[in-house]
Amino acid sequence: MAARTKTGALRTLALTLALGLALAGCAGAPQAVELPEGHAPLPTDASATPSGEAAELNVSELSVASGISMAARLGFDKARVISGTELTDLKKAPEDTLGGVAVLPTQCADVIESLNWSPVQMGAEGARTDFLTEKIPATGSVEVAKITDKSALEAHYATVLAMLTECKKVTLHQETETVPFTTEKPVLKAGDADSAILWTRGTKGQGMRQQALVLIKAKGDYVGMVSFIAADGLKAPEFSQMAAQVLNAALTQAR
């Protein structure tokens, strides 16, 4: 089943208000920003690289840094940049994520499989950073990528809609365990997201218990995705509000 671990679930997500961030709008000249521990510092001048040439961030990288800066303001004091082979692997759509899990109704199996989508799977420019804090029992992720396949983005929107309608209540069967999988639309302000879903797998106490909140929004040539994953508690409106803040902060850099 998809999302058995935090990393896998954040991939699945298929997981949001700009408040005057100090980042510049130009990808080539970012200003000093508040970033949590674990996030690579942003270059601010020619001394930032050994060659003496200013390192240039692309729009996706700068957008993610903008979202992470907002996450830091919200109390998430640790971050982890996804880069190198990890980012390359993330661009590959996972296969057979259900792993032998039977889905009822059966027509919802493909829909659940299709939740395993993220913006960087479009294959071009993209960036992602995960964030967390010991004070909040949830892990967040912000991802931004250039839109190179609008049909793929629209197809994912359709997948989320299907999960919120005909596949709103699903049963998963794995060996001797039966697990409910339910979805609902989180409460958001108008314009906070183009697509939003909150899914819950399992009941409290079950080994497969997990919740995920995913918000996606496009702006110009870019699309951003912010997600939270936790064992429980993501139905609290505070999580939807934080996700919306991080997403819209990230997209202030998109054009």
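Of the trypsin sites (Lys or Arg not before Pro) found in the range 117-148, those in coil by DSSP whose Cβ has at most 14 other Cβ atoms within 10 Å are K135. A 1.4 Å probe run over the range 168-217, with the rest of the protein chains in place, finds 49 Å² accessible per residue. Heavy-atom accessible area for D89, with the other protein chains in place and a 1.4 Å probe, reaches approximately 80 Å².
Which of rounded, prolate or oblate describes the range 129-197 when judged by the alpha-carbon gyration tensor and an a/c cut-off of 1.5? It is oblate, given that a/c is not under 1.5 and a/b is not larger than b/c. Note on exposure: Y157, Y222 ranked by accessible area (1.4 Å probe, complete protein assembly) read Y157, Y222, with the most exposed listed first. Counting every alpha-carbon pair across the range 102-218, the share separated by more than 23 Å comes to 37%.
The values are calculated or read from the model by the stated rules, or taken from the named source; none is laboratory data. These figures come from a predicted structure and were not determined experimentally. A quick note on method: Cβ atoms are made from the backbone with ideal geometry, for glycine too, and the neighbour counts reach across all protein chains shown. We work out accessible area using only protein heavy atoms, side chains counted, and drop any ligands, DNA or RNA first. Shrake-Rupley method; radii C 1.70, N 1.55, O 1.52, S 1.80 Å.
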